Amino acid sequence: MPKEYVVIGLLALAGFLIGGVYSTWKTARGLSIALAVLVVVAVGGAIAWLV
């Protein structure tokens, strides 16, 4: 599998997680912060995989 597919998949996952952060921010701050941490991990993984 080319590494570009993995990078695109991780960035897509980060996009879905950002949507979750946005939708849960007003109702469940703890879950929203946990999702934000996962966004950072997914983007960091994509960058690390690309390099």
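Computed values, structure above
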| item | result |
| --- | --- |
| Carbon plus sulfur fraction of accessible area for the chain, probe 1.4 Å, in percent | 79 |
| GNM top mover of Ala14, Ala28, Ala36 - the chain, alpha-carbon springs below 10 Å | Ala28 |
| Residues of the chain: accessible area per residue with a 1.4 Å probe, Å² | 74 |
| Calculated FRET efficiency for the pair Ile8/Ala34, C-beta based, R₀ 30 Å, to 0.05 | 0.80 |
| Computed label-point distance, nm, for sites Val51 and Ser23 using a 7 Å Cα→Cβ extension | 3.3 |
| 10 Å-binned pair-distance histogram of the chain (Cα, whole percent) | 29, 44, 21, 6 |
| DSSP-loop trypsin sites (Lys or Arg not before Pro) across the chain, with at most 12 other Cβ within 10 angstrom | Lys26 |
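The values are calculated or read from the model by the stated rules, or taken from the named source; none is laboratory data. A quick note: this is a predicted structure, and the numbers were derived from the prediction, not measured. As a convention, Cβ positions derive from the backbone with ideal geometry for all residues, glycine included, and neighbour counts pool all protein chains shown. In case anyone asks, the SASA skips ligands and DNA or RNA and just uses the protein heavy atoms, side chains included. Shrake-Rupley method; radii C 1.70, N 1.55, O 1.52, S 1.80 Å.
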